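For reference, the structure is listed below as structure tokens.
Every read-out reported here was derived from the displayed coordinates using simple, explicitly stated rules and does not represent laboratory data. Keep in mind it's a predicted model, so treat the numbers as computed, not measured. Backbone-built Cβ (ideal geometry, glycine too); neighbour counts: all protein chains shown.
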Amino acid sequence: DDLDDDDDAGDLEELCSWLTLRLGKKVSSVKRSKRLVDAPAALVEGAYGMSPTMRRYMSAQAVAQDDEFSGFGAAAAPTLEINGKSPVVLALRDGDLDSPEAEDAADLLFDVAALTGGYDIDDAAAFASKVTKLMGATDIPPKKEIEAEPVEAEIVE
């Protein structure tokens, strides 16, 4: 289950570099995951990183003390691990990374990983707008016509 199956997912280095630049300070790096199976991405803290709950606690303390993380400095950003077999990741890998759709997909990839991991997202309105746009592009099949079965009626005279 190592990365020996690189042929299946192809080269993700270009995508990882692009995602790192696209996401900026939100992540410390982007790398291919060795453990993700179903999810397209996950946020992972380093050995000494803070959990999402601890980040919220430290941020609340900093606000209460009017200090930037109470002397702890800015917390290190998490690493975004991507699943090289996920259809979303493969679509990004093979797509035009200069397109607005790729940028939206990158933002959604990060935001979904953040929400799944217990982190807060910075711009809930932008997230909702992108999800709504995706929902609008979804093909929902029309209602199926229900054929009425003929009913035999007994005629009483």
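Residue by residue, the range 122-133 carries 3J(HN,Hα) couplings of 5, 10, 5, 5, 5, 4, 4, 5, 5, 5, 4, 4 Hz when phi is fed to the Karplus relation 6.51 cos²θ - 1.76 cosθ + 1.60 (θ = phi - 60°); x denotes Gly or Pro. For chymotrypsin sites (Phe, Trp or Tyr not before Pro), the sites in the range 70-157 that DSSP calls loop and that have at most 14 other Cβ atoms within 10 Å are F72. One decimal place: the segment E154-S99 gains 13.1 nm when fully extended, by the rule 0.36 nm per residue minus the C-alpha distance.
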